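Visitor: Below is the structure I would like to discuss, written out as C-alpha cells.
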Amino acid sequence: MKKTIFLGVVYLLCLLTWNRALAQQELHNKDKHNLLYYFKNGKWNGHFRNYLMATDNGRKELTDYYANAIAADVHYETAQWKGLHAGFGTSFVYNTASSDLGKPDAVTGQFNRYEIGLFDLAKPYQALIGTIDELFISYAWGKSEITWGKQKLVTPWLNPQDGRMRPNFQEGLYIDFQEVKNLRIELAWIYRFLVRSTEIWPTIANSIGQYPTGVTPDGVRSSYTNNLKSAGLGILGITYAFTPQIKTQFWNYFTENIFNTMFWQTEAEIPLSKSENKNKLLAGMQFHFQTALNDGGNSNPELAYIPKNQRNWVLSSRVGWKTTQKLLTLNYTRIGNHGRFLFPREWGRDPFYTFLPRERNEGYGDVNAFMIQLGQNLPKMKTRIEIGYGHYYLPNPDNASLNKYGFPSYNQINLNLVHQCKGLLEGLQAQFLYVYKGKLGETYNNPRFEFNKVNMSLYNFILNYNF
C-alpha cells in the first residue's frame, strides 16, 4: 500500500510538471498578490537515472556481484514573494535486478560493499525506496540567502558524495552571505541527516555509523552506532578571492561533544599565455586539523567515535596545467601518524586532491598518497575522457590504531567517459566508469583484506536524463 501511494504521488507530480506551461500562461495577467499565483508560477525540475554496476573480485572463490537500479526525483520551488520562497523534493529508487546483496561471502563472511549502496544498506531485499528529500523555506536578499528545513548542502567535507542513486540531504539552518565583494560566508547548524543509501532522517549523532564502522584502535569491532551524543553539527565557511586567479577558503566543522575538524585551502590559476587555449598553471594546498571533543561522543571508549584527546593533521597539494580542453594534475596527500584521521563517511567524501571515485583515505593515519589525473574534452563529440592513477601507501591492515577498515596499501586506476547526447536525446547523459584496485601492501594471505578492497574491478554504466 505504501509503495502504491508513493508511486501515485510521483505520477501526480509529473502530471503537474507537464501542465506547468499552461498554468503559467493562464495566470500571466492575474493578480500577483494572490498566493496561488506564486505556487503555480514556481519552477519544476526532475531527473531520471539508470545505474548498472558490477564487481569482479578477481579470485574464483570470492563472490562477484551485479545490480541495476532505476530512480526518479522531482523538485519544486515556488516563485518568490518579497524574497520568500519554499521548496519540496521527493525521489524513489527501484531494484530492477541484482545478485543476492544480503548474503555474505562464503569465504570471508563479509557482505557486499558497492552494489548495496544503490539501494538501502539496512534493507538489502527491499525493492522500492521512497523518500522526502527536501522541504524548506528560504528568504533571499541581494546575493544572499537564508534557508531552513530539509535541503542539500555542498561543502568540502559535508557534501552530496560521488554518485549512486541519491545524494545526501541535511535538515537545519543555512545562511549564505555574499554582500561583500569577493567574500562569501556560509553558516549552518544541522540537526538531522538523510544519509545516501538509507531512507530515514536520524539525528546528527545517530547518522554516524549508518555505514560500516570498522574497528576501534584496539582492534575490536566499533560499536558507536546509535551510542553517540551530540546536539548537532555547526559549520563555518569563509571564501575570499584575492584576485580572479587566487582564492582561499577556510572551513570549520564543529560536531558538538564528538570532534572538531578545520580545513584551509588556497588555490591559484596562473595564466601562461594570452592564446585562445588559455594555458594556465595550477597550484593548490590544503591543511586539515582535527581534535576530539570531550570523550569523543561516549564516555565508554569502546562506544566512542574518536579516542579522547586524539589530534591529527593532513596536508594535501596539487600542481597542474590546463587549457580550455585539457587538464593534467599531479597530487600528493600526507596524513599524520598521531592516530586515525576521521570524518563520518555518511556525511560525504573526503576533499583530498588525491581522491579517486570509489575509494577513500578517511579512517587512516600515517598515509602517503600520490595521484596523477588527465582530462580531455572532445567538443565535437560532446564527450569527456578522464584517467586517474594513484598509489596509496597505508599502514598494515592489521595495525588497528592507524587502519580503521583493515585496508592494505593499494594502487588504483580510474577510466571515466562522459557523453552528452544530442538531437532527439538532448538532456541525456551517458557515463562509463571503470575502476581497478591492485595490491601494493601485505595482506598476509587473508582474503578479508582483499574482498571488495584490492585485486578487483568495478564496472559502472550510468544514464542520466534531466528535465
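Visitor: Let me confirm something: among Pro124, Pro167, Pro160, which residue is in a loop (DSSP other than H, G, I, E, B) and within 18 Å of Leu236 (Cα to Cα)?
Guide: Pro160
Visitor: Just give me the residues in segment 361-387 being acidic (Asp, Glu) and either surrounded by fewer than 14 Cβ atoms within 10 Å (Cβ to Cβ) or outside any strand (DSSP E or B) (or both), in sequence order.
Guide: Residues of segment 361-387 acidic (Asp, Glu): 362, 366, 386.
Selection gives Glu362, Asp366.
Residues are listed down the side, and each one gets a yes or a no for (1) in a loop (DSSP other than H, G, I, E, B); (2) free of Cβ contacts under 8 Å to residues at least 12 places away in the same chain; (3) not assigned by TED's automatic domain parsing to the domain that holds Gly232:
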site: Thr248; (1), (2), (3): no, no, no
site: Tyr253; (1), (2), (3): no, no, no
site: Phe263; (1), (2), (3): no, no, no
site: Lys274; (1), (2), (3): yes, yes, no
site: Lys278; (1), (2), (3): yes, no, no
site: Met285; (1), (2), (3): no, no, no
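Visitor: Would you confirm whether or not segment 442-450 contains a residue that is more than 27 Å from Asn331 (Cβ to Cβ) and of a type in the set (Ser, Thr, Tyr)?
Guide: Looking only at segment 442-450, we keep the residues that are more than 27 Å from Asn331 (Cβ to Cβ), and these are 444-448.
Filter once more, keeping what is of a type in the set (Ser, Thr, Tyr): 444.
Taking every residue of segment 442-450 in turn, at least one turns out to be more than 27 Å from Asn331 (Cβ to Cβ) and of a type in the set (Ser, Thr, Tyr).
Visitor: Can you say whether Arg184 is over 23 Å from Pro344 (Cβ atoms) and not aliphatic (A, V, I, L, M), as far as the supplied structure shows?
Guide: Values: over 23 Å from Pro344 (Cβ atoms): yes; not aliphatic (A, V, I, L, M): yes.
Answer is yes for this residue.
Visitor: OK, next. Would it be correct to say that Ile129 is part of a strand (DSSP E or B), touching a residue at least 60 places away in the same chain (Cβ under 8 Å) and among the β-branched types (Val, Ile, Thr)?
Guide: Spelling it out, Ile129 is indeed part of a strand (DSSP E or B), touching a residue at least 60 places away in the same chain (Cβ under 8 Å) and among the β-branched types (Val, Ile, Thr).
Visitor: Go through segment 324-338 and give me each residue that's over 25 Å from Phe250 (Cα atoms) and buried (at least 17 other Cβ atoms within 10 Å of the Cβ).
Guide: Correct list: Leu327 only.
Per-residue answers, yes or no, for (1) touching a residue at least 40 places away in the same chain (Cβ under 8 Å); (2) part of a loop (DSSP other than H, G, I, E, B); (3) under 12 Å from Glu362 (Cα atoms):
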| position | (1), (2), (3) |
| --- | --- |
| Glu302 | yes, no, no |
| Tyr305 | yes, yes, no |
| Val319 | no, no, no |
| Asn331 | yes, no, no |
| Phe343 | yes, yes, yes |
| Glu346 | yes, no, yes |
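Visitor: If you go through segment 233-276 one residue at a time, how many are under 19 Å from Ile185 (Cβ atoms), crowded, with 19+ Cβ neighbours inside 10 Å and β-branched (Val, Ile, Thr)?
Guide: Qualifying residue count, segment 233-276: 2.
Visitor: Filter segment 143-161 for residues that are of a type outside the set (S, T, N, Q) and either touching a Pro at 6+ places or on another chain (Cβ under 7 Å) or at pLDDT below 95 (or both) and give the result. Quick ask: steps written out before the conclusion?
Guide: Filtering segment 143-161 down to residues of a type outside the set (S, T, N, Q) leaves 143, 145-146, 148-150, 152-154, 156-158, 160.
Lys152, Val154, Pro156, Trp157, Pro160 - these are the residues of segment 143-161 that are of a type outside the set (S, T, N, Q) and either touching a Pro at 6+ places or on another chain (Cβ under 7 Å) or at pLDDT below 95 (or both).
Visitor: Let me ask you something else. Would you check if there is a residue in segment 413-435 being among the hydroxyl-bearing types (Ser, Thr, Tyr) and more than 21 Å from Ser317 (Cβ to Cβ)? Write out each step before concluding.
Guide: Of the residues in segment 413-435, the ones among the hydroxyl-bearing types (Ser, Thr, Tyr) are 434.
Those still in the list that are more than 21 Å from Ser317 (Cβ to Cβ) too: 434.
Yes; the residues of segment 413-435 include at least one that is among the hydroxyl-bearing types (Ser, Thr, Tyr) and more than 21 Å from Ser317 (Cβ to Cβ).
Visitor: Consider only pairs whose beta carbons are under 9 Å apart and that are at least six residues apart or on different chains; among these, list those whose first residue lies in segment 405-432 and is in contact (Cβ under 8 Å) with a residue 60 or more places away in the chain and whose second residue is part of a strand (DSSP E or B) and β-branched (Val, Ile, Thr).
Guide: Within 9 Å, the pairs are Tyr405/Val215; Gly406/Val215.
Visitor: Looking at segment 267-292 only, could you name the residues that are more than 25 Å from the chain's Cα centre (by Cα) and either charged (D, E, K, R) or at positive phi (or both)? Spell out how you get there, then give the answer.
Guide: Keep residues of segment 267-292 that are more than 25 Å from the chain's Cα centre (by Cα), which gives 269-281.
Selection gives Glu269, Lys274, Glu276, Lys278, Lys280.
Visitor: What is the number of the single condition among (1) modelled with pLDDT of 95 or more; (2) of a type outside the set (A, V, I, L, M); (3) assigned to a loop (DSSP other than H, G, I, E, B) that His85 does not meet?
Guide: (3)
Visitor: Taking segment 99-112, which residues are closer than 18 Å to Lys123 by Cβ and buried (at least 17 other Cβ atoms within 10 Å of the Cβ)? Talk me through it step by step, then tell me what you get.
Guide: Here is the first cut: in segment 99-112, the residues closer than 18 Å to Lys123 by Cβ are 99-104, 111-112.
Matches in segment 99-112: Leu101, Phe111, Asn112.
Visitor: Moving to a separate point now. Being closer than 24 Å to Arg196 by Cβ and at pLDDT 95 or above is the requirement here; does Leu374 meet it? Quick ask: steps written out before the conclusion?
Guide: Numbers: closer than 24 Å to Arg196 by Cβ: no; at pLDDT 95 or above: yes.
Here the answer is no, as Leu374 does not meet what is asked.
Visitor: Pairs only if they're at least six apart or on different chains, beta carbon under 8 angstrom, first in segment 182-208 and in the same structural domain as Ala69 (by TED's automatic domain parsing) and on the phi > 0 side of the Ramachandran plot, second small (Gly, Ala, Ser) and crowded, with 19+ Cβ neighbours inside 10 Å; list them, first residue then second.
Guide: These pairs meet every condition: Ser197/Gly117.
Visitor: A further question follows. Tell me which residues, restricted to segment 314-351, are more than 21 Å from Pro397 (Cα to Cα) and hydrophobic (A, V, I, L, M, F, W, C).
Guide: Hits for segment 314-351 are Leu315, Val319, Trp321, Leu327, Leu328, Leu330, Trp347.
Visitor: Mind counting the residues in segment 413-467 that are buried (at least 16 other Cβ atoms within 10 Å of the Cβ), touching a strand residue (DSSP E or B) at 6+ places or on another chain (Cβ under 7 Å) and β-branched (Val, Ile, Thr)?
Guide: Final tally of qualifying residues: 4.
Visitor: Something else about it: For segment 388-419, name all the residues that are of a type in the set (A, V, I, L, M) and either in a strand (DSSP E or B) or farther than 28 Å from Tyr305 by Cβ (or both). Reasoning before the result, please.
Guide: Residues of segment 388-419 of a type in the set (A, V, I, L, M): 394, 400, 402, 413, 415, 417-418.
If the condition is that a residue be of a type in the set (A, V, I, L, M) and either in a strand (DSSP E or B) or farther than 28 Å from Tyr305 by Cβ (or both), then Ile413, Leu415, Leu417, Val418 are the ones that fit.
The values are calculated or read from the model by the stated rules, or taken from the named source; none is laboratory data. If you're wondering where the values come from, they're calculated on a predicted model, not measured in any experiment. Every residue, glycine as well, gets a Cβ built from its backbone with ideal geometry; the counts of neighbours run over all protein chains shown.
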